[in-house]
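The next block holds one structure in the form of structure tokens; read it before the comments.
The values are calculated or read from the model by the stated rules, or taken from the named source; none is laboratory data. Everything numeric in this text was worked out from a predicted model, so none of it was measured. A quick note on method: Cβ atoms are made from the backbone with ideal geometry, for glycine too, and the neighbour counts reach across all protein chains shown.
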Amino acid sequence: MKKIWISVVVIISVLFAACYEINEDITITEKGSGTYSTRIDMSALLQMMQSMASEEEIQKSGLDRAIDTVINLKSILDTAKNVTPDQRRLFENGTMKMKVDMKENIFNADVNFPFKSLSDLQALMSGTGTGGMTEIFKQVFANKDSTQGATNVEDQGGLDQMNNVFDVTITKNTIARKLNRSKFDSLMAKPEIAQAKQMVGGGFEILYTTTIHLPRPVKKSDNEMIKLSEDKKTVTIKYDLMKMFDTPEKFSYSIQY
């Protein structure tokens, strides 16, 4: 069990520092409830990890053996300290499924949260939710006597916060995401962001896809990145997260349905 937790540390630190592909899937019912899930595919990182880490380091991390596990986040919340009551409520019914197999070149994580209201979804899509998730993992890894893991989760290079520089507003017929220039400028001022910017010049990409399943057809949208299904009830938005450094305002959008 301890090895599994060590592996979780490695997975989460890589997850926040250098993801390659992220798929965010949201389903909203007519009543305003639904599910919010994120699938992170890091399979392309395995070869990189194996070339950079020694066999001893891989064995120590626990990644030398296949892992296929589901974690109920409530068990993590029971030990996390710096999490607000609202964040506990948001995450307590969530699950995280992880599968790692170096031989099969599989490295992915699926996080799923049911939500009961549009205000809960708004929190999950904004920094309120993701900030709490980071804190949960940071706390639990520290409690598992994994100092290095806790440090890695805390030192994420700022990439985990890129989507948090937007103010999200959700009502019964509108989903809007607007750039908060103050938040963006504050994030760009962090020293670790300079390192992340260097990845852009090296051709590094973080492919991010958001798919939103709506209870009614879209009436109006204002961003060319938005693609609609034939019945206009499914919205798909694809972009490279790294391009947000130069033109963050292009990633704002408003959807009326």
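Kindly indicate which of 91, 115 is among the aromatic types (Phe, Trp, Tyr) and more than 15 Å from the chain's Cα centre (by Cα). Even if it seems obvious, please write down each step before you answer.
Numbers: 91 fails: more than 15 Å from the chain's Cα centre (by Cα).
Matching residue, one of 91, 115: 115.
Checking the conditions here, which among 11, 58, 67 is of a type outside the set (Phe, Trp, Tyr), modelled with pLDDT of 70 or more and farther than 30 Å from residue 256 by Cβ?
Details: 11 fails: modelled with pLDDT of 70 or more; 58 fails: modelled with pLDDT of 70 or more.
Of 11, 58, 67, the one residue that is of a type outside the set (Phe, Trp, Tyr), modelled with pLDDT of 70 or more and farther than 30 Å from residue 256 by Cβ is 67.
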Task: Members of the stretch 98-120 that are at pLDDT below 95 and of a type in the set (A, V, I, L, M) - done: 98, 100, 102, 106, 109, 111
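Please go through the stretch 241-257 and give me each residue that is in contact with a strand residue (DSSP E or B) (Cβ under 6 Å, 6 or more places away or on another chain) and either surrounded by fewer than 19 Cβ atoms within 10 Å (Cβ to Cβ) or small (Gly, Ala, Ser) (or both), ordered by number. Walk me through how you get there before you give the answer.
At the first step, the residues of the stretch 241-257 found to be in contact with a strand residue (DSSP E or B) (Cβ under 6 Å, 6 or more places away or on another chain) are 241, 248-249, 252-256.
Once the filter is applied, which keeps residues that are in contact with a strand residue (DSSP E or B) (Cβ under 6 Å, 6 or more places away or on another chain) and either surrounded by fewer than 19 Cβ atoms within 10 Å (Cβ to Cβ) or small (Gly, Ala, Ser) (or both), the stretch 241-257 yields 241, 249, 252, 254, 256.
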